[in-house]
Amino acid sequence: MEREFIMIKPDGVQRGLIGEVIQRIERVGFKIIAMKMIQVSMEQAEEHYAIHKGKPFYEGLLEYITSEPVVAMVIEGKDAVKITRKIVGATDPVLADPGSIRGDFALDIGRNIIHAADSPENAIVEYKIYFDEEELLSYKRIDYDWLYE
């Protein structure tokens with residue numbers, strides 16, 4: 001099973017979309033193994049978005065992601081990253097497919113509801129910014145046998 005890091009960004013929280021996002025993640029069959037609402041610190045934001053340092057939008061991104069609470073979660077399932085990226089939709093909501101979270105709820109690239117790691121390796125790097133290993137739970141969903149061959 002693969003792990004994926006997801007963050008419902010401040011605009012998603014403020015717009016009351018937490019339940020909708022969680023529902024979409026769970027309905028496809030993914031298991032949430034860690035979740036919490038947090039206020040992202042500047043240190044966490046700088047570590048998470050270090051790859052964008054020096055880009056014109058970097059400072060605004062840090063200001064935005066630390067402005068209000070977010071919901072951080074780690075999910076688990078087969079091909080979790082690839083499937084989650086489809087559920088989330090393209091970064092630019094204009095390019096996001098209808099039916100994806102961004103395609104259904106976002107209008108602006110800077111306020112696009114949700115973040116999802118782009119690779120299994122980055123998922124691990126990212127979730128370790130927000131979660132200690134002992135916060136990740138291990139359990140079997142009751143529908144596991146109906147989700148996987």
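If you go through region 87-138 and keep only what is touching a strand residue (DSSP E or B) at 6+ places or on another chain (Cβ under 6 Å) and in a strand (DSSP E or B), you end up with 114, 115, 116.
Looking only at region 68-77, decide whether some residue is part of a helix (DSSP H, G or I), at negative phi and at pLDDT 95 or above. No, region 68-77 contains no residue that is part of a helix (DSSP H, G or I), at negative phi and at pLDDT 95 or above.
Checking the stated criteria, residue 31 turns out to be more than 12 Å from the chain's Cα centre (by Cα), of a type outside the set (Ser, Thr, Tyr) and surrounded by 13 or more Cβ atoms within 10 Å (Cβ to Cβ).
When 114, 101 are checked against the criterion of being at pLDDT 95 or above and closer than 25 Å to residue 43 by Cβ, 114 stands alone in meeting it. When restricted to residues that are free of Cβ contacts under 8 Å to residues at least 12 places away in the same chain, among the charged types (D, E, K, R) and either in a loop (DSSP other than H, G, I, E, B) or touching a helix residue (DSSP H, G or I) at 6+ places or on another chain (Cβ under 8 Å) (or both), region 139-148 contains 1.
Scanning region 58-113 for residues that are more than 22 Å from residue 37 (Cβ to Cβ) and under 14 Å from the mean Cα position of the chain (by Cα) yields 81, 82, 83, 85, 86, 89, 90, 91, 100.
Going residue by residue through region 48-60, is there one that turns out to be crowded, with 19+ Cβ neighbours inside 10 Å, modelled with pLDDT of 95 or more and touching a Ser or Thr at 6+ places or on another chain (Cβ under 9 Å)? The answer is no; no qualifying residue exists.
None of 97, 11, 79, 92 is in contact (Cβ under 8 Å) with a residue 60 or more places away in the chain and loosely packed, with under 15 Cβ neighbours inside 10 Å except 79.
With respect to the conditions (1) aromatic (Phe, Trp, Tyr); (2) under 19 Å from residue 23 (Cα atoms); (3) surrounded by fewer than 16 Cβ atoms within 10 Å (Cβ to Cβ), residue 105 lacks only one, and its number is (3). Within this structure, residue 20 passes the test of being among the acidic types (Asp, Glu) and touching a residue at least 40 places away in the same chain (Cβ under 8 Å).
The values are calculated or read from the model by the stated rules, or taken from the named source; none is laboratory data. All of these numbers come straight from a predicted model, not from anything done at the bench. Note that we place each Cβ from the backbone using ideal geometry, even for glycine, and neighbour counts take in every protein chain shown.
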